[in-house]
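Asker: Below: one structure in structure tokens.
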Amino acid sequence: MAAAIALPLAPAAAQMREATLPEIFETYNDCFAATRTGDMSVASLEELGWSRATLQSDDGQAVEDGPIIYGHAERAPIIILSALEGEGVCMVNARIDSFDVFEEFKKAFGGKLPQADENGAIFFVAEGQPVQIAPTGSREAPALRLAVFTARESN
């Protein structure tokens, strides 16, 4: 298992390096692997090289009840989980060079994505799993968020 990653409690996007499109797509696929069975699979993430971050307060003390964040030593995006087991969401957060990167990401779906809502978020189902993609951040610090929900049986 990879070594734990220590993160201070400052805004995550401000501390992350800019992610490339291949890193974003790899991380998106890793979230699919972690949610495919209908239950969150932390083991799947760890097998793919992800390690849970240890959050620290300003005084260097470990934060026990903070968000569930995973980092990868070879990739810029981080993963935030809503839960360690059961149903949940695997969210990819990536700092990007500009919002043009978000547009490039959307183009990879071949024009098959639905229209964005008033906030720019796009909701769709991929391989039976609900997904949301959205631009986040600001013009000065643009970012991209991808949320992959655990698979659900259709009725």
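The values are calculated or read from the model by the stated rules, or taken from the named source; none is laboratory data. Quick caveat, the model's predicted, so the values are computed rather than measured. FYI the Cβ positions are ideal-geometry reconstructions off the backbone, even for glycines, and counts take in every protein chain you see. Heavy atoms of the whole protein, side chains included, go into the accessibility calculation; ligands, DNA and RNA do not. Shrake-Rupley method; radii C 1.70, N 1.55, O 1.52, S 1.80 Å.
Asker: Ordered by residue, what ³J(HN,Hα) values in Hz, to whole numbers, does the range 45-59 give under the Karplus form 6.51 cos²θ - 1.76 cosθ + 1.60, where θ = phi - 60° and Gly and Pro are x?
Answerer: So the J values, rounded to whole Hz, are 5, 5, 5, 8, x, 8, 10, 6, 7, 9, 7, 10, 6, 4, 8.
Asker: Let me ask something additional. Whole-Hz Karplus ³J(HN,Hα) for the range 28-40, in order, using 6.51 cos²θ - 1.76 cosθ + 1.60 and θ = phi - 60°, x for Gly and Pro?
Answerer: 4, 5, 5, 5, 4, 4, 7, 10, 4, 7, x, 10, 5
Asker: Would you mind putting 42-48, 112-118 in packing order, based on average other-beta-carbon counts within 10 Å, highest first?
Answerer: Packing proxy ranking, top to bottom: 42-48, 112-118.
Asker: Using only DSSP helix segments of four residues or longer, with each worth -39500 (n - 2.57), what per-residue ellipticity at 222 nm results for the chain after dividing by its residue count and rounding to 500?
Answerer: Helix-only estimate at 222 nm: -6000 deg cm²/dmol.
Asker: Given Cβ point charges of +1 (Lys, Arg) and -1 (Asp, Glu) and nothing else, what value in debye, to the nearest 20, does the dipole of the chain about its Cα centre take? It would help to have the intermediate numbers written out before the result.
Answerer: Values: 11 positive and 23 negative charges, 72 e Å.
For this selection, approximately 340 debye.
Asker: Here's a follow-up. Among (1) 46, 40, 26; (2) 85, 29, 25; (3) 50, 39, 30, find the value of Cα extents along the principal axes in Å that was calculated from the structure presented, and write down its label.
Answerer: From the options (1) 46, 40, 26; (2) 85, 29, 25; (3) 50, 39, 30, the structure gives (1).
Asker: Can I ask one more? Write down the accessible area per residue of the chain in Å², having rolled a 1.4 Å probe over the full set of protein chains.
Answerer: That works out to 56 Å² for each residue.
Asker: Let me ask you something else. Amide H to amide H under 5 Å from A83: which residues, 5+ apart in sequence or cross-chain, H placed 1.01 Å off N in plane?
Answerer: V89
Asker: Continuing with the same structure: Ignoring ligands, DNA and RNA, please state the percent of accessible area on the chain from carbon and sulfur, probe 1.4 Å.
Answerer: Ligands and nucleic acids excluded, carbon and sulfur give 49 percent.
Asker: Okay, moving on. Quick one: which residues, 5 or more positions from T54 or on another chain, have an amide H under 5 Å from its amide H? H modelled 1.01 Å from N in the peptide plane, none for Pro or chain starts.
Answerer: For T54, the qualifying residues are I5, A6, L7.
Asker: Sort 59-66, 33-40, 84-91 for me by packing, meaning the mean count of neighbouring Cβ atoms within 10 Å per residue, highest on top.
Answerer: The packing order, highest mean first, is 33-40, 84-91, 59-66.
Asker: Normalised by the number of residues in the chain, what is the relative contact order in percent for Cα pairs under 8 Å and 6+ residues apart?
Answerer: Relative CO of the chain lands at 25 percent.
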